[in-house]
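These notes concern the structure reproduced below.
The values are calculated or read from the model by the stated rules, or taken from the named source; none is laboratory data. Source: prediction; values computed, not measured. Note that each Cβ is placed from the backbone with ideal geometry, even for glycine, and that neighbours are counted across all protein chains shown. For accessibility, only protein heavy atoms count, side chains too; no ligands or nucleic acids. Shrake-Rupley method; radii C 1.70, N 1.55, O 1.52, S 1.80 Å.
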Amino acid sequence: METTAVKVNKSSMITYKSKMYSVPPEYIGKQLQLQVYDNQLHLHYNMELVTVHLISHKKMNYHREHYENILSMTLPHDRDKISKIAKENLENIGARFKNDRT
């Protein structure tokens, strides 16, 4: 199985085949190891599994908890409000990129 090094950008995302996938924000700026198997991306840091994503045709792929943690770093709201904002934003992101398969 091939392992590739990927760097987490300032938006807490990594890029794989021109698609973006979220990771927890504590990994921003860090180098992760990416492995692909069973149509999934497995991301590790120092041999520890960070997250798993299904490989997708969508340009942006978020796990909701990653997005909520990213928002909570920048927005001065309680967790319930952050969760509501995250849900709305992720729905908008999904709608925006729904038909974009490039």
Fill in the blank from the handout: Mean-square fluctuation maximum in Gaussian network of the chain, Cα pairs under 10 Å, restricted to L32, L49, L41, hits L49
Completion exercise
With Cα springs under 10 Å, the Gaussian network model of the chain assigns the largest mean-square fluctuation among T15, T74, T51 to T74
Fill in the blank from the handout: So for R0 = 22 Å, FRET eff. of L49-R79 from the Cβ-Cβ r, to 0.05, ends up at 0.35
Handout entry: N61 long-range amide H proximity, modeled H, under 5 Å
Key = M20, Y21, S22
Practice task
Report relative contact order for the chain in percent, whole number only (criteria: Cα-Cα under 8 Å, sequence separation at least 6).
Solution key: 23
Fill in the blank from the handout: In degrees rounded to 10, the 0-90 angle between helix 64-74 Cα long axis and the longest Cα principal axis of the chain is 60
Fill in the blank from the handout: Computed for the range 31-91: size of charge dipole around the Cα centre, +1 on C-beta of each Lys and Arg, -1 on C-beta of each Asp and Glu, debye to nearest 20, value 180
Exercise for the section: Work out the length of the dipole vector of the chain about its Cα centre, built from +1 on the beta-carbon of each Lys and Arg and -1 on the beta-carbon of each Asp and Glu, and round it to the nearest 20 debye. Expected result: 440
Exercise for the section: Among DSSP beta bridges lying fully in the chain, give the percent that are antiparallel, nearest 5. Expected result: 90
Practice task
At a 1.4 Å probe radius, which order do K59, K81 fall into by accessible area, largest first?
Solution key: K81, K59
Exercise for the section: Quick one: pull the percent of accessible area on the chain belonging to carbon and sulfur, 1.4 Å probe, ligands and nucleic acids left out. Expected result: 49
Problem - Computed P(r) (all Cα pairs; the chain; 5 Å bins; percent) - result: 2, 13, 22, 24, 18, 13, 6, 1, 0
Completion exercise
Over the chain, with neighbouring protein chains present, the accessible area per residue in Å² at probe 1.4 Å is 64
Practice task
May I ask for the net charge around P24, where only other residues with Cβ less than 13 Å from the Cβ of P24 are counted and Lys, Arg are +1 while Asp, Glu are -1?
Solution key: -2
Handout entry: Alpha-carbon centroid distance for the pair the range 1-46 / the range 47-89, whole angstrom
Key = 15
Handout entry: GluC sites (Glu not before Pro) restricted to the chain and DSSP loop, no more than 12 other C-beta within 10 Å
Key = E2
Practice task
Using a Gaussian network model of the chain whose springs link C-alpha atoms within less than 10 Å, name the residue from S12, S83, S22 with the highest mean-square fluctuation.
Solution key: S83
Completion exercise
For the range 15-65, shape from the Cα gyration tensor axes a ≥ b ≥ c, cut at a/c of 1.5 then a/b versus b/c, turns out oblate
